[in-house]
Amino acid sequence: MAGQLILGLSILVTLHEFGHYITAKWFKMRVEKFYLFFNPWLSIFRYKKVNGVKKTAWFTKDSPKEWKEDENTTEWGLGWLPLGGYVKIAGMIDESMDKDQMAKDPEPWEFRSKPAWQRLIIMIGGVTVNLVLGFLIYMMVLFFWGQDHVSIKDLKNGFQVMPIAQKLGFENGDKIISVDGESLVNTIDINRHLMLRNVQEVKVKHQGGEIETIKIPEDFGQTMWKENMMQPFVPRVHLLTHNISEKSTAYKAGLRDNDSVVAVNGKSFVFYDEFFDLMNDSIGNELTLDYIRKGKLYSIDVKKDSLGKIGVGPDFNYNSAYTRSTKTFSFGEAVTGGFSFGYWTLHDYVAQFKYVFTKKGATSMGGFGALGNLFPGQWDWKIFWLNTALISIILAFMNILPIPALDGGHVVFLLYEMITGKEAPQKVLEYAQYIGFILILGLVIYANGNDIYRAIFGG
């Protein structure tokens with residue numbers, strides 16, 4: 001996982017910074033440094049053409065003196081801190097905080113000497129590359145691998161519906177026909193639509209065959225978030241026991257993994273949600289369970305624990321609940337389909353961003369650990385590129401936020417200059433850069449701290 005994450009981030013950071021680099025060179029500015037990862041106190045590798053001669057240096061604290069004398073070429077390097085990367089454009093207040101240079105009179109080839117509109121293009125260059133790259137990757141994935149999906153026909157037994165959705169009129173065994181008048185290519189996406197896309201109505205086919213259109217409250221996504229029910233619809237499964245704890249009453253009574261429970265107190269059932277209902281409807285703390293093990297039927301008595309449970313749950317890998325189909329795309333279909341994929345990925349990420357500013361959202365933030373968990377334990381090129389595209393779009397959105405030290409912070413000051421005709425004072429830019437660094441560092445520490453906490457204590 002870590003290797004896949006590092007490779008994906010390396011590609012994205014390099015191309016992001018290249019967006020700044022190429023636009024700066026386009027406007028004939030000097031780019032002094034181009035670094036993948038940050039290099040405080042140490043650079044793993046440096047390269048520069050000095051007076052026409054190629055020079056390299058390994059594990060150095062600073063650039064050799066002769067390198068600094070040749071200001072016309074770019075130093076390329078690899079830092080040790082994998083939190084991003086940077087390009088150092090002459091005459092710009094950036095990560096380097098080079099006050100000596102800023103104290104000198106502006107030169108024609110410096111960032112600060114160029115018109116505001118040129119500087120604006122440079123600042124959005126990285127974000128633009130990340131955004132376009134994400135869309136292009138989605139197009140490539142659809143063209144080469146197609147799109148896996150679960151159609152309404154592929155979902156054999158419909159959905160198990162949680163109480164939060166049952167209150168609206170949904171029932172166990174429902175199959176989704178359409179959402180706001182449009183059929184879902186991937187019926188499993190119903191949860192994401194309800195959470196993030198302001199769904200107004202859903203047409204379903206109930207288990208008995210009746211068709212009903214159910215109205216969805218405007219705030220249903222927020223209700224899902226508050227009640228911590230992000231998946232009110234899950235594929236309906238049989239109760240094949242899985243990961244039974246040795247401390248549970250079910251284990252002590254004799255149940256083991258892969259036992260197929262078929263009845264509670266003499267009442268037969270087929271699906272896990274029916275077992276759950278029978279459990280809740282049962283009177284007293286003692287239950288009689290019928291189960292099948294290796295083709296033979298057994299019966300045992302089980303006592304509920306203090307929480308009214310027995311420690312039994314199904315295997316939710318859903319292999320028996322549905323089959324997957326693959327939709328293939330021509331080149332033209334892949335272009336339009338990839339654009340749509342990218343658009344809705346960006347839309348959904350922006351839509352869920354509002355939840356970050358809640359207490360629960362703050363505790364849910366994740367860092368590199370959360371990003372690493374996106375990737376499977378075994379290498380899969382399709383999943384690698386899909387996750388890389390997702391991270392690319394996330395980086396584009398995060399970088400354009402109006403936070404000092406990010407591209408969006410620079411954009412705010414440039415827009416101010418273009419509107420008022422006045423440049424922001426240099427001291428203001430410097431202090432904003434410091435504040436931005438502190439804020440970003442704090443967020444990185446907090447997010448990765450959440451990862452560590454969850455790894456130790458679970459959750």
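The values are calculated or read from the model by the stated rules, or taken from the named source; none is laboratory data. Source: prediction; values computed, not measured. With ideal geometry, Cβ positions are generated from the backbone for all residues, glycine too; neighbour counts draw on all protein chains shown.
For HIS206, the test of being over 14 Å from ASP290 (Cα atoms), surrounded by 14 or more Cβ atoms within 10 Å (Cβ to Cβ) and under 29 Å from the mean Cα position of the chain (by Cα) is failed. Restricting the stretch 179-190 to residues that are outside any loop (DSSP other than H, G, I, E, B) and modelled with pLDDT under 95 leaves a set whose member that is surrounded by the most Cβ atoms within 10 Å (Cβ to Cβ) is THR187. Scanning the stretch 20-61 for residues that are out of contact with any strand residue (DSSP E or B) (no Cβ under 9 Å at 6 or more places or on another chain) and either closer than 28 Å to SER392 by Cβ or surrounded by 15 or more Cβ atoms within 10 Å (Cβ to Cβ) (or both) yields ILE22, THR23, TRP26, PHE27, VAL50. Residues that are farther than 30 Å from ASP380 by Cβ, in contact with a Pro (Cβ under 8 Å, 6 or more places away or on another chain) and surrounded by fewer than 20 Cβ atoms within 10 Å (Cβ to Cβ) are absent from the stretch 73-94. Scanning the stretch 143-157 for residues that are under 23 Å from the mean Cα position of the chain (by Cα) and among the charged types (D, E, K, R) yields one hit, ASP148. Screening VAL312 on (1) among the β-branched types (Val, Ile, Thr); (2) touching a residue at least 40 places away in the same chain (Cβ under 8 Å); (3) surrounded by fewer than 17 Cβ atoms within 10 Å (Cβ to Cβ) shows it passes everything except condition (3).
Within the stretch 380-424, being within 12 Å of ILE124 (Cα to Cα), in contact with a helix residue (DSSP H, G or I) (Cβ under 7 Å, 6 or more places away or on another chain) and β-branched (Val, Ile, Thr) holds for ILE400, VAL411. Residues considered: SER282, SER306. Of these, the only one that is over 25 Å from GLY173 (Cα atoms) and either assigned by TED's automatic domain parsing to the domain that holds VAL161 or at pLDDT below 90 (or both) is SER306.
Scanning the stretch 107-127 for residues that are in contact with a Gly (Cβ under 6 Å, 6 or more places away or on another chain) and either closer than 20 Å to THR388 by Cβ or surrounded by fewer than 21 Cβ atoms within 10 Å (Cβ to Cβ) (or both) yields GLU110, ARG112, GLY125, GLY126. Are any of the residues in the stretch 363-377 without any contact (Cβ under 8 Å) to a residue 12 or more places away in the chain and surrounded by fewer than 16 Cβ atoms within 10 Å (Cβ to Cβ)? There is no residue in the stretch 363-377 that is without any contact (Cβ under 8 Å) to a residue 12 or more places away in the chain and surrounded by fewer than 16 Cβ atoms within 10 Å (Cβ to Cβ). Being modelled with pLDDT under 80 and among the aromatic types (Phe, Trp, Tyr) holds for only one residue in PHE353, PHE357, and it is PHE357.
The criterion of being in a loop (DSSP other than H, G, I, E, B), within 23 Å of LYS354 (Cα to Cα) and of a type in the set (Val, Ile, Thr) does not hold for VAL237. Return a yes/no flag: does the stretch 238-257 have any residue that is of a type in the set (A, V, I, L, M, F, W, C), farther than 30 Å from ILE190 by Cβ and without any contact (Cβ under 8 Å) to a residue 60 or more places away in the chain. Within the stretch 238-257, one or more residues are of a type in the set (A, V, I, L, M, F, W, C), farther than 30 Å from ILE190 by Cβ and without any contact (Cβ under 8 Å) to a residue 60 or more places away in the chain.
Name the residues in the stretch 177-196 that are among the aliphatic types (A, V, I, L, M) and within 25 Å of the chain's Cα centre (by Cα), would you?
Across the stretch 177-196, the qualifying residues are VAL179, LEU184, VAL185, ILE188, ILE190, LEU194, MET195, LEU196.
Only one of the numbered conditions (1) within 25 Å of the chain's Cα centre (by Cα); (2) buried (at least 19 other Cβ atoms within 10 Å of the Cβ) is not met by ASP174, and that is (1). Would you point out the residue of the stretch 330-358, among those that are closer than 17 Å to MET224 by Cβ and charged (D, E, K, R), that is surrounded by the fewest Cβ atoms within 10 Å (Cβ to Cβ)? Looking at the filtered set, the residue picked out is LYS354.
Of the candidates ALA405, ALA396, the single residue that is touching a Phe, Trp or Tyr at 6+ places or on another chain (Cβ under 7 Å), of a type in the set (A, V, I, L, M, F, W, C) and in contact (Cβ under 8 Å) with a residue 60 or more places away in the chain is ALA405. Within the stretch 427-435, is there a residue that is loosely packed, with under 15 Cβ neighbours inside 10 Å, assigned to a helix (DSSP H, G or I) and within 18 Å of the chain's Cα centre (by Cα)? Checking the stretch 427-435: not a single residue is loosely packed, with under 15 Cβ neighbours inside 10 Å, assigned to a helix (DSSP H, G or I) and within 18 Å of the chain's Cα centre (by Cα).
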